[in-house]
Amino acid sequence: MKIKKYEENNKTNSIFASFGIPTKNKKNNSMDCQQSINTLEFGQITIQNCLATQNEIEQPQFDTAQPDDAFLAFLARDLCFGAYNQPNTGAYPVMTINADGTANLIYADGRVITESSQITKTGEIFGILCTIRNSFDMRKTEMLQCMLFMRRLLTKGRVLINPWSLKRLLIGCLIVSIKVNRDNVPLNLFVAQALGVRHVSLNEWERSTLQGLEFEVGVSYEEYTQLDYALHAALAQ
C-alpha cells in the first residue's frame, strides 16, 4: 500500500468508535455479537465459522497476504453495528428500528426507506467483502486503507453512516483503494458484475468517494498504524 509518512494535527480515531471499532483504552461494545447471526450462510462460507469464539476458530491472521474470513466478518459486524446504532440527533434522515429489527429512514421530504435488519445487513456486507477479496485478490493493507477512507469521509462530514448508505460508502471506498495501489486495475464493469450491482451506480459511488476525499488518497503512516493497533486490540478482547 502506498503510504505517505507525514504529521497530522488530528491523530485520533474516534470516528471509528461510531463504527464499533474501539479507540485506545475504550471498550468495543459491538464485540457482543448476536447469536442469531450464526445462522446466516453465504455459499460454502458461514458466518458461524467466522464469528465463533476464540476457542472454536483460529484468530484472524494479520500477517497473511489476504484478510481471512474471520477478519472480514469482524469488519462487517462492526461496520453494521455503527450504522444501526448512530445517535439520533434529530437531523434527517431520522432512523427508527422496528420490532422485527428492520430500519426505517425518514427523509425531510416525507420519503421512507426501509432497510433490512442489522443481522441481515451484516451478512450482506460480509458477502461484499468476501466477493471483493476473492474476485480481485484484495489484500489486508488495501482493506485497511478502505476503512481509513471511510473514516476520513465521515470526519469531514461528507457522508452519513446509516443502513442505506453503508453499502454504497463501502463499495466506493473499496474500489478507490484497489485502484490507488495497483498498476493493473479491474474495470468497474467487472466489479459491478461480481457484486451484482448496476455499473452506473458503481461509477457514481466511486466518483462521489473521490470527490468527498477531495482526490487526496494518501494515507499517513500514523493513521494506518493506529487503525492496525485498534483492530489488534479489539480482536484480543
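For the stretch 95-219, report the translational diffusion coefficient in µm²/s to the nearest whole number, using Stokes-Einstein at 25 °C, 0.890 mPa s, and a Kirkwood Rh over Cα pairs. Don't skip to the answer; put the middle values down first.
Working: Rh = 15.4 Å.
Once the numbers are plugged in, D ends up at 160 µm²/s.
In nanometres, what is the gap between the two model label sites at A108 and T89, each 7 Å from Cα along Cα-to-Cβ?
It is 1.4 nm.
Give me the number: length gained by fully extending N181 to R198, i.e. 0.36 nm times residue separation minus the C-alpha to C-alpha distance, one decimal in nm. Could the numbers behind the result be given before it?
Details: separation 17, 0.36 × 17 = 6.12 nm, distance 2.41 nm.
The N181-R198 span can extend by a further 3.7 nm.
Tell me, what HN-Hα J-couplings in whole Hz come from the Karplus equation 6.51 cos²θ - 1.76 cosθ + 1.60 at θ = phi - 60° for each residue of the stretch 126-136, using x for Gly and Pro?
Karplus values, whole Hz, x for Gly and Pro: 4, x, 5, 4, 5, 5, 5, 4, 6, 7, 10.
Of the lysine pairs in the stretch 57-198, how many meet both conditions: Cα atoms under 21 Å apart, and a spacing of 8 or more in sequence or different chains? Each step should come with its number before you reach the end.
Details: K121/K167; K140/K167; K140/K179; K156/K167; K167/K179.
Pairs that pass both the separation and distance tests number 5.
Each residue of the stretch 177-191 in turn: what ³J(HN,Hα) in whole Hz from Karplus with 6.51, -1.76, 1.60 and θ = phi - 60°, glycine and Pro shown as x?
4, 4, 6, 5, 9, 10, 7, 9, 10, x, 5, 4, 4, 5, 5
Just in the stretch 107-150: which trypsin sites (Lys or Arg not before Pro) are loop by DSSP and have at most 10 other Cβ atoms within 10 Å? Working shown, then result.
Numbers: sites: R111, K121, R133, R139, K140; in loops: R111, R139.
Sparse-neighbourhood loop trypsin sites (Lys or Arg not before Pro): R111.
Readers should treat all values here as calculations from the given coordinates under stated rules, not as data from a laboratory. All figures in this text were calculated on a predicted structure; none of them were measured in a lab. Glycine also receives a Cβ, built like all others from the backbone with ideal geometry; neighbour counts cover every protein chain displayed.
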